[in-house]
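Take a look at the structure set out below.
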Amino acid sequence: MALAEVGGTGAGNGIAFLVSAGIVYEIIAANCSSPQTTELNAKQRSETLMKWVHLGLAQSAVFVGAAAIFDPKHRAAILAGGLLAAVSMYGLYSHAKDSGLASTKPGTESY
């Protein structure tokens, strides 16, 4: 299904989509290091880093869900933006963790 079909092509839907996607990125960024740091230090901190990704996704779901309730006219766009951003960010952090754990290079932290 094309994204434009989710909630129509009105300007309000585009704004709602971007705001919903942006809040997911912002909340996860506020809770986590970058995927690059996750990859570099996965051997020492992957469990902790992924815990914060999961908590960020839970927080994001609350905010996106609230926005969808508050703005029923743009509900589909809000949910689509939030879902796409959540899947994208989870994929980035999962890939970073897996790549870091598979790497033979040392991390950037010393203990």
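Is it the case that some residue within the stretch 81-103 is free of Cβ contacts under 8 Å to residues at least 24 places away in the same chain and of a type in the set (Phe, Trp, Tyr)? Looking for residues that are free of Cβ contacts under 8 Å to residues at least 24 places away in the same chain and of a type in the set (Phe, Trp, Tyr), one finds none in the stretch 81-103, hence no.
A search for C-beta distances below 6 Å between a residue of the stretch 8-32 that is over 22 Å from ALA42 (Cα atoms) and any residue that is at pLDDT below 90, counting only pairs 6+ apart in sequence or on different chains, returns ASN13/GLY7.
Within the option set ALA96, ALA42, being farther than 29 Å from ASN13 by Cβ, of a type in the set (A, V, I, L, M) and out of contact with any Asp or Glu (no Cβ under 6 Å at 6 or more places or on another chain) holds for one residue only, ALA42.
To keep it simple, each residue is scored yes or no on (1) of a type in the set (Val, Ile, Thr); (2) at pLDDT below 90; (3) in contact with a Cys (Cβ under 6 Å, 6 or more places away or on another chain); (4) more than 26 Å from GLU109 (Cα to Cα).
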| residue | (1), (2), (3), (4) |
| --- | --- |
| GLY8 | no, yes, no, yes |
| VAL19 | yes, no, no, yes |
| THR38 | yes, yes, no, no |
| ALA61 | no, no, no, yes |
| ALA67 | no, no, no, yes |
| ALA80 | no, no, no, yes |
| LEU92 | no, no, no, no |
| LYS97 | no, no, no, no |
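Identification of helices (runs of 4 or more DSSP H) wholly contained in the chain with 3 or more residues that are surrounded by fewer than 21 Cβ atoms within 10 Å (Cβ to Cβ) and more than 16 Å from the chain's Cα centre (by Cα) yields 3-7, 11-31, 42-70, 75-102.
The values are calculated or read from the model by the stated rules, or taken from the named source; none is laboratory data. Keep in mind that what you see is a predicted model, and the values were worked out from it rather than measured. Virtual Cβ from ideal backbone geometry, glycine too; neighbours counted across all protein chains shown.
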